[in-house]
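What follows is a set of notes on a single structure, which appears directly below.
The values are calculated or read from the model by the stated rules, or taken from the named source; none is laboratory data. This is a predicted model, so every value here is computed, not measured. Note that we place each Cβ from the backbone using ideal geometry, even for glycine, and neighbour counts take in every protein chain shown. For accessibility, only protein heavy atoms count, side chains too; no ligands or nucleic acids. Shrake-Rupley method; radii C 1.70, N 1.55, O 1.52, S 1.80 Å.
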Amino acid sequence: MNSNKALETVRKILNFSIKRNGHDRVLEKVNITSVGNGQCIAEMVVEKQHTNAYGTLHGGFTASAVDILSSMAMLTHPRVVENIDSAPNSGVSVDIHISYLNSAKIGDRVVINSETIKLGRNLAFLKVTLLRKDDNVVIAQGTHTKFVG
């Protein structure tokens, strides 16, 4: 599958998740900019709806971004992407770990880099880095393990 088709399909999958009005709607302002080969890059501008009581990017939002966007990255892995149109199955989370390293405030542009580290027969190991676009400071890093068997 070419990268434009994969990008279009991943955007459709994310939009479907957002429009069903479940928790995934927190990502409605996230724009997926590129996907392929087990990776997904997205960007967003921090808005009030993304913040905590201190006016900085909410840890729960960050955790959701790690969960959902790493799953999108895995769907573009060469072993999975050919079946993405028929029955996208991103598995179920086994473990998510996030290190919160810096903050982002309203108006900050954030880049979210998700990648598939390893896709085994039963488990996928994924990594996500959120960074402020203007100064490349890492905001958070997450790892995500999924059962995909």
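Does D95 satisfy being open to solvent by less than 50 Å² (accessible area, probe 1.4 Å), of a type outside the set (A, V, I, L, M) and within 17 Å of A65 (Cα to Cα)?
Working: open to solvent by less than 50 Å² (accessible area, probe 1.4 Å): no; of a type outside the set (A, V, I, L, M): yes; within 17 Å of A65 (Cα to Cα): yes.
No, not satisfied.
As a summary of the residue check, V148 satisfies the conditions (1) open to solvent by less than 20 Å² (accessible area, probe 1.4 Å); (2) over 20 Å from S34 (Cα atoms); (3) aliphatic (A, V, I, L, M) except for the one numbered (1).
Given the residues N37, N102, N89, which is the only one that is open to solvent by 60 Å² or more (accessible area, probe 1.4 Å) and in contact with a strand residue (DSSP E or B) (Cβ under 6 Å, 6 or more places away or on another chain)? Don't jump to the end; show me each part of the working.
Values: N37 fails: in contact with a strand residue (DSSP E or B) (Cβ under 6 Å, 6 or more places away or on another chain); N89 fails: in contact with a strand residue (DSSP E or B) (Cβ under 6 Å, 6 or more places away or on another chain).
Just one listed residue meets the conditions, N102.
Within region 1-12, being over 12 Å from the mean Cα position of the chain (by Cα) and open to solvent by less than 50 Å² (accessible area, probe 1.4 Å) holds for A6, L7, T9.
Per the conditions (1) free of Cβ contacts under 8 Å to residues at least 60 places away in the same chain; (2) open to solvent by 10 Å² or more (accessible area, probe 1.4 Å), the sole criterion not satisfied by I32 is (2). Within region 18-30, count every residue that is out of contact with any Leu (no Cβ under 8 Å at 6 or more places or on another chain) and closer than 11 Å to D67 by Cβ. Looking only at that region, the number is 2. Looking at R25, is it more than 14 Å from the chain's Cα centre (by Cα) and open to solvent by 20 Å² or more (accessible area, probe 1.4 Å)? For R25, the condition - more than 14 Å from the chain's Cα centre (by Cα) and open to solvent by 20 Å² or more (accessible area, probe 1.4 Å) - is not met.
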